[in-house]
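Enquirer: The structure is given below, and queries will be raised subsequently.
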Amino acid sequence: MAFELKNVVPWGRNLEEYTNMFALTAHDLSKRIISFGDGPASFNLEMHRQGKEVTSLDPVYQFTADELRERIHETKDTIIRQMQENRDNFVWTSIKSIDELERIRMEAMASFLADFEKESSKSRYLYHELPAKTEFADQAFDLGLSSHFLILYAQLGLDFHLQSIREMLRLCKEVRIFPIVNLNAGKSEVLDGILETFGTDYELIVSKVNYEFQKGGNEMLTLRNHSV
Ligand SMILES: C[S@@+](CC[C@H](N)C(=O)[O-])C[C@H]1O[C@@H](n2cnc3c(N)ncnc32)[C@H](O)[C@@H]1O
């Protein structure tokens, strides 16, 4: 099925959130990082500002900044209304209110859009749709990230996840996925299949991190090459 902008609900997080979700240390931040399903997050730009390079991949990068800006504008009020209706499903300690959430998300997405439309940033934002193979060489990156895509969207199915993670592991010495719950904040239906499939050949670690917005969504999965 074609990836259509009318089905996209853009929502982007920032560097501080990525740092907490993935427990990124100063050493991690200096690694060669590739981030899948990175969407309109400001992680890439904020890293770039610090002189660190991240490669972001997402199917939405096939659209122009103006198209994405318009889609953000079209969908924002609906997302905020849904957040208001479901506010009890979230933890309001770090982000204290829906107003604050809206401000943080809109700031991240505005920063992303300003960066994304610059000619000089084109090589940092690449159109790519999982589970397709990428053009990068084996182990071209140290760290591969998936924030709020893999495992969370369990309805994509186990095969989709296994193929996607296999490609990430081909490219990266280590892969981190956050969160590991599904969209209802329940146990993700694909988690056990992923752990079983990769448990023999890779070191798998489920760890608690210093980030919880979806209630119970405070764990990250790390998959690491035994040789690292
Ligand atoms: C909830 S957003 C998360 C954005 C960002 N990672 C963050 O945490 O702020 C999910 C992202 O997954 C992307 N996505 C959807 N289908 C995808 C696919 N097949 N492969 C890679 N990314 C996909 C969407 O375009 C969207 O940007």
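The values are calculated or read from the model by the stated rules, or taken from the named source; none is laboratory data. None of these values were measured; they are calculated from a predicted model. Using ideal geometry, Cβ is built from the backbone for each residue, glycine included, and neighbour counts are taken over all protein chains shown. To get the accessible areas, we keep the full protein, side chains included, count just its heavy atoms, and leave off ligands, DNA and RNA. Shrake-Rupley method; radii C 1.70, N 1.55, O 1.52, S 1.80 Å.
Enquirer: In the set Ser111, Ser94, Ser120, which member is of a type in the set (Gly, Ala, Ser), under 22 Å from Glu46 (Cβ atoms) and without any contact (Cβ under 8 Å) to a residue 12 or more places away in the chain?
Expert: None of the other options fit; the residue is Ser120.
Enquirer: If Glu74 passes every condition in (1) surrounded by 15 or more Cβ atoms within 10 Å (Cβ to Cβ); (2) within 16 Å of the ligand (Cβ to nearest atom) but one, which one does it miss?
Expert: (1)
Enquirer: Checking the conditions here, which among Asp159, Asp192, Asp142, Asp138 is part of a strand (DSSP E or B), acidic (Asp, Glu) and either open to solvent by 30 Å² or more (accessible area, probe 1.4 Å) or out of contact with any Ser or Thr (no Cβ under 8 Å at 6 or more places or on another chain) (or both)? Can you show your working first?
Expert: Details: Asp159 fails: part of a strand (DSSP E or B); Asp192 fails: part of a strand (DSSP E or B); Asp138 fails: part of a strand (DSSP E or B).
Sole residue among the options that is part of a strand (DSSP E or B), acidic (Asp, Glu) and either open to solvent by 30 Å² or more (accessible area, probe 1.4 Å) or out of contact with any Ser or Thr (no Cβ under 8 Å at 6 or more places or on another chain) (or both): Asp142.
Enquirer: Any residue at all in the stretch 139-146 that's of a type in the set (A, V, I, L, M, F, W, C) and farther than 21 Å from Ser30 by Cβ?
Expert: no
Enquirer: Within the set of pairs 6 or more residues apart or between chains, which connect a residue that is closer than 23 Å to Val9 by Cα and without any contact (Cβ under 8 Å) to a residue 12 or more places away in the chain inside the stretch 133-162 to a residue that is away from the ligand (no atom under 12 Å from the Cβ) and of a type in the set (Lys, Arg) with Cβ atoms less than 8 Å apart?
Expert: Cβ pairs passing all conditions: none.
Enquirer: Okay, moving on. Would you kindly identify the helices (runs of 4 or more DSSP H) lying entirely within the stretch 1-79 that contain at least 3 residues that are touching a residue at least 12 places away in the same chain (Cβ under 8 Å) and not hydroxyl-bearing (Ser, Thr, Tyr)?
Expert: Here the list reads 15-21, 43-49.
This table checks each residue for (1) near the ligand (Cβ under 10 Å from one of its atoms); (2) among the polar types (S, T, N, Q); (3) surrounded by fewer than 15 Cβ atoms within 10 Å (Cβ to Cβ).
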{"site": "Glu17", "(1), (2), (3)": "yes, no, no"}
{"site": "Glu46", "(1), (2), (3)": "no, no, no"}
{"site": "Glu53", "(1), (2), (3)": "no, no, yes"}
{"site": "Glu70", "(1), (2), (3)": "no, no, yes"}
{"site": "Phe90", "(1), (2), (3)": "no, no, no"}
{"site": "Ile98", "(1), (2), (3)": "no, no, no"}
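Enquirer: While we're looking at this one, here's another question. Give the residues of the stretch 116-127 that are open to solvent by less than 20 Å² (accessible area, probe 1.4 Å) and under 30 Å from Glu219 (Cβ atoms), sorted by residue number.
Expert: Hits for the stretch 116-127 are Arg124, Tyr125.
Enquirer: Go through the residues of the stretch 163-174 one by one and say whether even a single one is among the small types (Gly, Ala, Ser) and either in a loop (DSSP other than H, G, I, E, B) or modelled with pLDDT under 95 (or both).
Expert: Scanning the stretch 163-174 turns up no residue that is among the small types (Gly, Ala, Ser) and either in a loop (DSSP other than H, G, I, E, B) or modelled with pLDDT under 95 (or both).
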